[in-house]
Amino acid sequence: MDADVVAGPPGPPWSRTAARDDRGVVTVGGVAVDALAGAHGTPLLVVDGDDLRARCRAFVAAFGPDAVVYASKAWCTTAVLQVVAAEGLLVDVASGGELATALAAGVDPARLVLHGNAKSAAELDRALEVGVGRIVVDAVEELDLLDGLARARGVRAPVLLRITPGIDAHTHAYVRTGHDDAKFGFTLSLGLADAALARALDLDGLELRGVHAHVGSQVVDPDAFVANAEVLVDLLARWRAEHDLELDDLDLGGGMGVAYAAGDPEPDVAALGAAVRAAVADRAAAHGLPLPRVLVEPGRAIVGPSALTLYRTVAVKDLPGLSRWVAVDGGMGDNIRPALYGAAHAVTLAGRAPVGPAGPVMLVGKHCESGDVLATGAPLPGDVAAGDLVAVATTGAYTESMASNYNRLPRPAAVLVEDGTVRPILRRETEEDLLRRDVPLP
Ligand code: LLP
């Protein structure tokens, strides 16, 4: 294990302002993590505000204003949505709860995109009530349901059809969505997209605005996004020829990958934007099609690398000839990704300078389950001991948003750190919160 890996920040996969101070303590936005842990406890999500804003700006610069839709499933909490909306992003919501959070954050409903493969009537009706700008329809039943709801309200629902484009993005099976036999969307190769269009054109309550396709998540190959764009432009051109139909919106979904380990390629957002926009322009010109409005829906690439999770070590166990186990005060409840996807997040000793050669250790949580592993082969130094602070990188996306209360552990707090200022954005859950929904028997 080389010394740089042990050292952790600065540099990817750690967020932009992450560094070490002269004591060797990790800092974010100029604030040392031992101070953060002291004031806010652990486990603690620490969001690097500069990093988050810079990521938003890079996407807007690459894809244009009003083209970038933050996929809030990555991390849907009021303050995060406030930051991304202030940076000019639209917001994708995939449930009534995400919609409620976006409204609480003050996001203009016209700048919301509603997703979901099994939306309820209540979710769709609420979207119509508040005036959500785009509803991405995923099923024939939904077309009919939405039409009825819209007509009852005397409005026309702004609809994008979710297409399954037949593109295999070569990512983890649980986050692949573009291949034909998928849970989401209308499979193009089987004629389902054409059938959905025909149905939609019959329904007066719907205003068809465009098409959408999402090829998968943690995709690092730009070709997958370009291929997706080309398939959708071809579809718009064919539909125009067959139905004399002009559709504006070409929503290419999200899925842009990020670096999880030092040395991982971090896809270049500017180059990706240029490649996708050029492909759309060329293909549209070849078909004589007016240039459609390109939308993208990054979640992970906006918020993933901007946060780290800070834990305190509780116990260290050496098994000679076997493994070294370091247990911390959180685990799979606050980060299910290693257990669910085999995700490898970078780890570093955070509360002091590492001494001596590093790991590898099994970094494990406090849940009653052997699969509660946060990192395999984590590079922690030989003198790691109970009470040390450990940081896990790239935890802004799909950690808090997928957190559970397994073992009735309260979910962590989060702070946003910017230019030396620390703002709590999520309070730590309490045992009272955990008991709030319980209905005792008399
Ligand atoms: N748009 C749609 C329609 C999506 O389904 C998703 C992600 C996104 C955008 C945003 O994708 P992103 O840019 O964040 O990759 N829990 C998994 C990821 C699941 C992604 C689900 N859909 C993980 O932790 O890796």
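One residue stands out in region 254-272 among those that are part of a helix (DSSP H, G or I) and within 14 Å of the ligand (Cβ to nearest atom): the one that is farthest from the chain's Cα centre (by Cα), namely LEU272. Residues that are in contact with a strand residue (DSSP E or B) (Cβ under 8 Å, 6 or more places away or on another chain) and either farther than 27 Å from ALA195 by Cα or among the acidic types (Asp, Glu) (or both) within region 106-129 comprise VAL107, ARG111, GLU123, listed in sequence order.
Take the conditions under 15 Å from VAL69 (Cβ atoms) and small (Gly, Ala, Ser) and apply them to ALA118. Does it pass? Taking the combined requirement at face value, the residue does not satisfy it.
Here's a check for you: in region 325-358, which residue that is more than 16 Å from the ligand (Cβ to nearest atom), outside any loop (DSSP other than H, G, I, E, B) and modelled with pLDDT of 95 or more is nearest to ALA378 (Cα to Cα)? Only one residue tops the list, namely VAL347.
Residue by residue through region 244-253, note down the ones that are assigned to a loop (DSSP other than H, G, I, E, B) and buried (at least 24 other Cβ atoms within 10 Å of the Cβ). Within region 244-253, LEU252, GLY253 qualify. Checking each residue in region 138-172 for being in a loop (DSSP other than H, G, I, E, B), surrounded by 22 or more Cβ atoms within 10 Å (Cβ to Cβ) and under 21 Å from the mean Cα position of the chain (by Cα) picks out ASP138, ILE167, ALA169.
Per the conditions (1) within 21 Å of GLY387 (Cβ to Cβ); (2) under 22 Å from the mean Cα position of the chain (by Cα), the sole criterion not satisfied by ARG337 is (1). Region 71-137 holds helices (runs of 4 or more DSSP H) entirely within its bounds, and those carrying 3 or more residues that are touching a residue at least 40 places away in the same chain (Cβ under 8 Å) map to 78-86.
Checking each residue in region 301-321 for being buried (at least 24 other Cβ atoms within 10 Å of the Cβ) and either of a type in the set (A, V, I, L, M) or not in a strand (DSSP E or B) (or both) picks out ALA301, ILE302, VAL303, GLY304, PRO305, SER306, ALA307, LEU308, LEU310.
Looking only at region 19-69, which residues are part of a loop (DSSP other than H, G, I, E, B), farther than 30 Å from PRO267 by Cβ and either in contact (Cβ under 8 Å) with a residue 40 or more places away in the chain or of a type in the set (Val, Ile, Thr) (or both)? Answer for region 19-69, where residues must be part of a loop (DSSP other than H, G, I, E, B), farther than 30 Å from PRO267 by Cβ and either in contact (Cβ under 8 Å) with a residue 40 or more places away in the chain or of a type in the set (Val, Ile, Thr) (or both): ARG23, GLY24, VAL25, GLY41, THR42.
The values are calculated or read from the model by the stated rules, or taken from the named source; none is laboratory data. Source: prediction; values computed, not measured. Counting neighbours? That spans all protein chains shown, and the Cβs are built from the backbone with ideal geometry, glycine included.
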